[in-house]
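Take a look at the structure below.
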Amino acid sequence: MTILTPALDPAALRAIPGLILPGDPGYDEARTPWNLAADQRPAAVAEPTTIADAARIVGAVAALGLRIAPQASGHGAMPLAERGLSDAVLLRLHRLTGVSIDAERRVARVVGGTIWREVVDAAAAHGLAARHGSSPDVSVSGYVLGGGLSFYAREHGLAAHHVRAFEMITADGDLVRASADSEPELFWALRGGGGSFGAVVAMEIELLPVAEVHAGMMLWDMSAASAVLQAWRDWTRDLDRCATTSLRLMRFPPIPELPPFLSGRAVVVIDGAILADEARSADLLAPLRALGPELDTFARMPVAGLVDVHMDPPVPSPAVVDHVMLGELDDAALAALLEVAGPDAQDAPLFAELRHLGGALAETQDAAVPGFAGEYALFAVDLVPVPELILAATARVCAIADAMRGWAHGAPYLNFLDRITDTSTAYAPDTAQRMRRVRDTFDPARTWLAAHPVPEGAVG
Ligand SMILES: Cc1cc2nc3c(=O)[nH]c(=O)nc-3n(C[C@H](O)[C@H](O)[C@H](O)COP(=O)(O)OP(=O)(O)OC[C@H]3O[C@@H](n4cnc5c(N)ncnc54)[C@H](O)[C@@H]3O)c2cc1C
C-alpha cells in the first residue's frame, strides 16, 4: 500500500480550532515532551481537554490527509522526534485527564492522558492498588498500550492483560469501545500493540485488593557490585513470585539536588515489592540483608508509596535508553555486565538495570504482547545534560546493551526502547500479521503515527 503525503497547507491547519502551529505563542511549550532530549517539531500540536474536542480535531486533521501522532506524557517521545513530525499533527493528551474508581468492581476508569500518580492515589483511597510502573508521571495509556511492567508483575501479570475496556477515537473521529465482547480483535491489539490503531481516550483497568506492600530499597557502594549482583542473580533464580525486584548499577553526578548519600557516588541498588506479610517478607529478604546494605528501607508501606520507591526523576528529563531482553544469566553474563557498568567501568551511563521477570509474566495471554519469555529485562539509561552530548550518551547505553546481547532471549519489550526500533523483532510473525489486519480495519489510510508502529509485511 502506498501512503500519499499531501502537501502541507498551513492555512487549512489554521482553520482547525485548537491547533497550535510553529511560530504561534505556546508552540514550543506544547511540543515539548517529558523526555527533553526528544526535539519534536510537528506541523501543529493539539492539546484537547475533552474527549469530544479530541475527536473533533482528529476528524478534521485526518480529513486533510495528515498523519496524527498521539502522545500522553512524552516519556517515549524519542522515536517520533527521530523520525521527524513535519508531516504530522502531535495530539498531546496530557490535558485530557481524570480517574474514577468503582471500588465494588475494583475497576478504575482512567481518561487518556492521566499519569499513574493520580490513579495510584485514587485507588489507594479505597484500599486498592494499580499495576503502575516505577515512575509516577508515566501515563497509564502509553504504558498499558506497550504492556506495562510493574513491581506487582511477577504475581499479577502485565497491566495490559488486566484492562477491561478501551475507548478509542478512530481516524474518522468516531469513538469505539473495545473489550472482550465488543471489537475483540481491536481489544487484543491494544493490549500491547501500541498507538497504531487510534487515540485511546479512556481505559477501564482492573485494580488489586492490596492496601499495603512490603517495599523499599537496599543500597551498597559500587565496590560490592560483584557480590551483590551474584547474590541477587542466585536469589532470583527460584524466588517466590510474590517478589518483583530490580537491580541497578548506578552512577550519580555530583549535584546538590541529590541527597549526600547519592551525590557523586557509584552504588548498587536493589528495590521492588514483596506481596507477603511481614514475617514472610523478612524471610525472603534475608539473603540480601546478609550482604550488609549501607541503606535498607524495605518495610510495610501503604501502596501509594510504591510509586516513589524506584526514585525515578520526578520532573521532565533529557534521557536516552537501550534495552535487551535476557534469558538465564550465567557467571559470564554477570562478568560482562560488570565490565561495562561495574566498579572499574570507564565510561558507564547513569545506570544499567536488570528487572526480574518470570512468574505470571511467563504465562502466555491472548494479547498483542502475550507475556515475556525473558528472565530479566536489561534497561540502560543515561542523561543528556546538553544536546551536544546525545551521541556520547547514546553510545554509553548501547555499549551496555551490546555487551549483553550474547544472553538475549525472547522478544524485546518496546516500552523500554525509546528509539526507532525494528518492531518486527518484538512480535511473532503471526502476531504481526494479526496486528496489521486490525490496523487495516481501523486505520486503512494509515493516519496514526505511533512511537512503535505495527511491523510492515503482507496481510495474509
Ligand atoms: C523514567 C521512566 C521509567 C519507566 N518505568 C517503566 C516501568 O516501570 N514499567 C514499564 O513498563 N515501562 C516503564 N517505562 C517505559 C514507559 O512505559 C514507556 O516509555 C511508555 O511508552 C510511556 O508512555 P507515555 O504515554 O507516558 O509516553 P508517550 O511518549 O506519551 O507515549 C509513547 C507512545 O505510546 C503511544 N500512546 C501513548 N498514549 C497513547 C494514547 N492515549 N493513545 C494512543 N497511543 C498512545 C504513542 O504511540 C506514543 O508515541 C519507563 C520510562 C521512563 C522514561
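The values are calculated or read from the model by the stated rules, or taken from the named source; none is laboratory data. What you see is a predicted model, and the numbers here were worked out from it, not measured in a lab. All Cβ positions, even for glycine, are placed from backbone atoms using ideal geometry, and neighbour counts span all protein chains on display. For accessibility, only protein heavy atoms count, side chains too; no ligands or nucleic acids. Shrake-Rupley method; radii C 1.70, N 1.55, O 1.52, S 1.80 Å.
Normalised Debye scattering of the stretch 237-318 at q = 0.15, 0.19, 0.26 Å⁻¹ gives log10 I(q)/I(0) of -0.66, -1.00, -1.49, counting only Cα atoms as equal scatterers and leaving out solvent. Here, the stretch 10-92 yields an orientationally averaged convex hull projection of 4.9 nm² when only Cα atoms define the hull.
The calculated 222 nm mean residue ellipticity attributable to helices in the chain amounts to -7500 deg cm²/dmol, summing -39500 (n - 2.57) over DSSP H runs of n ≥ 4 and dividing by all residues.
At each listed q (0.13 Å⁻¹), what is the log10 of I(q)/I(0) that the Debye formula gives for the stretch 212-416 modelled as equal alpha-carbon point scatterers? Normalising to I(0) and taking log10 leaves -0.73. What is the Rg over Rh value, at two decimals, for the stretch 371-446, using alpha-carbon atoms and the Kirkwood definition of Rh? Computed over Cα atoms, the ratio is 1.07. Of the accessible area of the stretch 10-92, computed with a 1.4 Å probe over protein heavy atoms only, carbon and sulfur atoms account for 57 percent. If you wrap the tightest convex hull around every Cα atom of the stretch 38-86 and split its volume per residue, you get 71 Å³. Between Asp422 and Val176, with labels modelled 7 Å along Cα→Cβ, what's the label distance in nm to one decimal, could you check? A separation of 3.0 nm, rounded to one decimal place. Taking all protein chains into account, the per residue accessible area for the chain stands at 38 Å² (1.4 Å probe). Principal axis extents of the C-alpha atoms in the stretch 317-460 (largest first, rounded to whole Å): 53, 38, 22. Can you bin every Cα-Cα distance in the chain into 10 Å intervals starting at zero and give me the percent of pairs per bin, rounded to whole numbers? Pair shares across the bins are 4, 21, 31, 26, 13, 4, 0.
Relative protection proxy for 213-219, 249-255, from highest mean packing down: 213-219, 249-255 (other beta-carbon atoms within 10 angstrom).
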